Amino acid sequence: MPHIRDFTLDSLPTATKTVLDLDVATMPDGQPLRLTLLAARGREAGPTVVVLAGVHGDEYEGMLVIPEVFARLDPAQMRGTVLMVPICNVPAYQGALRSSPIDGLNMARVFPGDPNGTITQRIAYWLGERVIRHAHLLIDLHSAGLAYHIPPLVGYYHHDSAAGRRSQEVALAFGAEVVWAHPDVAAGRTVSLATDLGTPWIYTEAPGAGRVRPEDFALFTQGVLNSLKVMGVLDGAPETRPVRHYLLGAGDLDKSIAANAGGLFVSQVGLLDEVKAGDVLGEVRDPAGRVLETVYAPSPGVVISMRGLVRVFPGDGLFALTGRME
Ligand SMILES: [Zn+2]
């Protein structure tokens, strides 16, 4: 198998779909760690759209959506190229974990990666150099995974620039009822690399929890196809839906409202609820049912993310709030 360093767009035949298994690193048993890359190159020249999933290993929607989109693409009817990696953090996926069990790293915090670093840093580096760098649009398919709970949404780069305007255009055509605008993005993400490269980007979230709901599968599949239509890779108008919640905020879930006590977490609000500063959001209880901590909203906002996993340790994120677009 070729090493991913040898992958070039020009190596892809036109009007053809290609499945590539690309070596990234050597594992301790001497076997290669491989990424599967699904590439569809149209008959005519055009933009390159990159679609990623499995940057977190326990977020399965995109892993199933990418082969579905690949099956639906007809390269004879396409302009440009679609490059899709259904499972980016392979070791995390194998462990059914958010982060890699090998080096403990969260792949969404290590971009642009390091070719001489640990496994996660190496995968990130080569994804950046050989895949993301080609993109005229980056779509990173996430969901809440096993530990969190997030409504189906599309997030995008909200910025007065060519990349920002294109990101917004794609996000509003995606078909999600919740759209989340991000004026800033924290370092280490695929989308922060895209921002640095001047590349438009969107990403998704969904409730997750280790299963794939049919409605999220359908939304993401149609959303990727809609994005390809906006970019001119596919003909036709996007099949979109009205936006019901247009939200605005930083989107850094690392800055969630965290638990002070360990215990059993019970939420007292729902996703997309509007809360005021001081409202009770939930409780952490001990196994006897005694309340160890009551969690209050530190500021007004919309509940965009909450913990899904009931067991919490001190410091675990419980809630994230964001604002509405005025
Ligand atoms: Zn994720």
Environment charge of GLY210, counting only residues whose C-beta is closer than 12 Å and scoring Lys/Arg +1, Asp/Glu -1
0
Within 10 Å, count the other beta carbons around each residue, average over each peptide in 174-181, 31-38, 51-58, and list them highest first.
51-58, 174-181, 31-38
Taking 0.36 nm per intervening residue step and subtracting the Cα-Cα distance, what contour gain separates GLU177 from HIS3 on full extension?
58.6 nm
Taking the alpha-carbon centre of each part, the distance from the stretch 257-276 to the stretch 184-233 in Å is 26
Taking amide H positions as placed 1.01 Å from N in the peptide plane, with prolines and chain starts having none, which residues 5 or more places from VAL295, or on another chain, fall under 5 Å of its amide H?
LEU281, GLY282, GLU283, VAL284
Name the long-range amide H neighbours of VAL51: under 5 Å, sequence gap of 5 or more, or other chain; modelled H, no Pro or chain starts.
LEU83, MET84, VAL85, ILE139
Using the Karplus equation 6.51 cos²θ - 1.76 cosθ + 1.60 (θ = phi - 60°), what ³J(HN,Hα) coupling, rounded to whole Hz, does each residue of the stretch 284-293 give in order, writing x for Gly and Pro?
10, 10, 8, x, 8, x, 6, 7, 8, 7
What ranking do 222-229, 77-84, 254-261 get when scored by the average of other Cβ atoms within 10 Å per residue, highest first?
222-229, 77-84, 254-261
Please give every one of the lysines within straight-line cross-link reach of LYS276, meaning a C-alpha to C-alpha distance under 25 Å, and leave out same-chain neighbours fewer than 8 residues apart.
LYS255
Which value in Å is the Kirkwood Rh of the chain over different Cα pairs?
20.2
Can you give me the long-range amide H partners of LEU318? Hydrogens built in the peptide plane at 1.01 Å from N, cutoff under 5 Å, separation of 5 or more residues or another chain.
ILE257, ALA258, ALA259
Straight-line reach from LYS229: which lysines have Cα under 20 Å away, leaving out those fewer than 8 places along the same chain?
LYS17
Explain nothing, just compute: Karplus ³J(HN,Hα) = 6.51 cos²θ - 1.76 cosθ + 1.60, θ = phi - 60°, for every residue of the stretch 34-51 in order, whole Hz, x for Gly and Pro.
10, 9, 8, 10, 9, 10, 10, 10, x, 5, 9, 5, x, x, 10, 10, 9, 10
Net charge of Cβ neighbours under 15 Å - reference LEU20; Lys, Arg +1; Asp, Glu -1
+1
Around MET78 (Cβ within 12 Å, Cβ-to-Cβ, excluding MET78; K/R +1, D/E -1) the net charge comes to +3
Once phi is turned into θ = phi - 60°, what whole-Hz ³J(HN,Hα) does the Karplus curve with 6.51, -1.76 and 1.60 give for every residue of the stretch 300-313, x standing for Gly and Pro?
x, x, 9, 6, 9, 8, 9, 5, x, 6, 5, 6, 10, 9
Arranged by the count of other C-beta atoms within 10 angstrom, fewest first, what order do TYR125, TYR156 take?
TYR125, TYR156
Go through 129-135, 292-298 and give me the packing order, highest mean Cβ count within 10 Å leading.
129-135, 292-298
Between ARG311 and ALA237, the FRET efficiency computed from the C-beta separation at R0 = 35 Å comes out, to the nearest 0.05, as 0.15
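Each value in this text was obtained by applying a stated rule to the coordinates, not by laboratory testing. Only a predicted model underlies this, so the values are computations on that prediction, with no experimental measurement involved. Note that we place each Cβ from the backbone using ideal geometry, even for glycine, and neighbour counts take in every protein chain shown.
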